[in-house]
Amino acid sequence: MLERLSNKKGIIAAGVAVGLSAVILTMFGNPANMGFCVACFLRDTVGGLGFHRAEVVQYIRPEIMGIVLGAFFMAKGKKEYYARGGSAPFTRFLLGMVVIIGALMFLGCPLRMILRLAGGDLNALVGLFGFIAGIFIGILFLKNGFSLKRTHRMAEIEGYLFPALNVGLLILLVASPAFIFFSAKPPGAAHAPVILSLIAGLVVGMLAQRTRLCMVGVIRDVILFRDWYLLTGYVAIFITVLIGNILLNKFNLGFSGQPIAHTDGLWNFLGMALAGWGSVLLGGCPLRQLIMAGEGNIDSVITVMGMATGAALAHNFGLASSANGPTLNGQIAVIIGFVVLLIVGYFNREKSTEVQLKGGVKVDLPIN
């Protein structure tokens, strides 16, 4: 009981720290309601590398590097780091693409969804309902034996490559060679100082590694087990950012006039439903995938590469939404994404992988 209470205090403290980091980053230059957003920051980063040509969203975001490296350092320090992989790599790559396309239809990852809610953006509430619906569908597949099979131990060097890549990205950002792109207008041009963004990312990466923060895990645990542990962390994030926005006079309750958001409720719902369903099949939300990649999980590295590719495709082919709303191409892509998830879910059922959990529930849980 005391250990559980201590853990709950720890995740609340982590949530407060993440929330404060988001508020501070916004104060010092990050776009409004976007202290942290894995989907948006991956989109900006691949744009900064020239993989898409949307000029307003091109900037290598050091928060991403900080999250990965923070998780890496914490995992190494706590002796929880080890290289593993080999679980349906190409399927995970495709699912990563699908998740990010859904998130960019909504204009934000699950973490930004919470930040948008704390800023008064009611469109994010519609997105939250969609996210819960998508996770519920994913859980039904888990209960019916969905599995991407087990991972296997790999050579240590495999696990070091992704953190090393992120160090390389930081060097490119600081050196700013001619082949790196920088937006001249927001939201890409809106960013906090590099060192502050990196430190905030490191803090979030370390805390998320220790507490297993994952928005998919939050809803899964509440639905299946009535376990509120992870939820307390996200409630702490929400309350901290809400208080910060009120104090800074940046709280704006309503649907219209919200920063980097659109008011099409149907596609906000469907975009996050796609992201939620895909994240369940993958075993964690975009933030959790970055954390596991930093811990040496090569399957998560493949997923992140899929998300980065999806972000590039979203802007090269006009799939991402804007403040004006979703595009027709984006709507078609989301529908195709649901078909992909249905096919992947159906053909990866394996009844023999079911395990007995408390409450008599039988389910194979890939979320770490």
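Bear in mind that the values in this text are calculations on the coordinates, not laboratory data. As the structure is a computational prediction, the values presented were derived from the model and not from experiment. Note: ideal-geometry Cβ built from the backbone for every residue, glycine included; neighbour counts use all protein chains shown.
Here are some pairs, K78/K149; K8/K149; K79/K149; which of them have Cα atoms lying more than 29 Å apart in this structure?
Numbers: K78/K149 27 Å; K8/K149 31 Å; K79/K149 25 Å.
K8/K149, as the Cα separations exceed 29 Å there.
Only one of the values (1) 5, 20, 27, 21, 15, 9, 4, 0, 0; (2) 5, 18, 20, 16, 13, 10, 8, 6, 3, 1, 1, 0, 0; (3) 6, 26, 37, 25, 6, 0 was calculated from this structure for P(r) over Cα pairs in 10 Å bins from 0, in percent; name its label. The value matching this structure is (3). Distances between placed amide hydrogens fall under 5 Å for M154 paired with A83, R84, G85, all partners being 5 or more residues away or on another chain.
As an exercise, use a Förster radius of 56 Å and the Cβ-Cβ distance of F182 and R226 to find the FRET efficiency, rounded to the nearest 0.05. Efficiency for this residue pair is about 0.70.
Size descriptors for region 1-101 (Cα atoms only): Rg and Dmax, in that order, 17.1, 54 Å.
Where the centroid of each part is defined by its Cα atoms, how far is region 304-342 from region 242-287 in Å? Each part's Cα centre sits 16 Å from the other's. Cysteines in the chain lacking any other cysteine Cβ under 4.7 Å from their own Cβ: C109, C214, C285.
Pick from F72, F106, F90: which residue has the top mean-square fluctuation in a GNM of the chain where Cα pairs under 10 Å get a spring? Greatest mean-square fluctuation among the candidates belongs to F90.
How long is the gain from F90 to E55 if the chain were fully straight, where each residue apart is worth 0.36 nm and the alpha carbon distance is subtracted? Could the numbers behind the result be given before it?
Details: separation 35, 0.36 × 35 = 12.60 nm, distance 2.98 nm.
Result for the pair: 9.6 nm of gain on full extension.
Just checking the listed ones, S176, S300, S322: in the Gaussian network model of the chain with Cα springs under 10 Å, the one fluctuating most is S176. Backbone amide hydrogens, once placed in the peptide plane, bring G325 within less than 5 Å of nothing, excluding anything fewer than 5 places away on its chain.
Taking amide hydrogens as placed 1.01 Å from N in the peptide plane, the amide H of A54 sits under 5 Å from that of no residue at least 5 positions away in sequence or on another chain. In plain terms, the chain from A13 to K78 could stretch by 21.5 nm, reckoned as 0.36 nm per residue minus the Cα-Cα distance.
The orientation-averaged projected area of the convex hull spanned by the Cα atoms of region 163-297 comes to 11.0 nm². GNM on the chain, alpha-carbon springs under 10 angstrom: the most fluctuating residue among I260, I336, I67 is I336.
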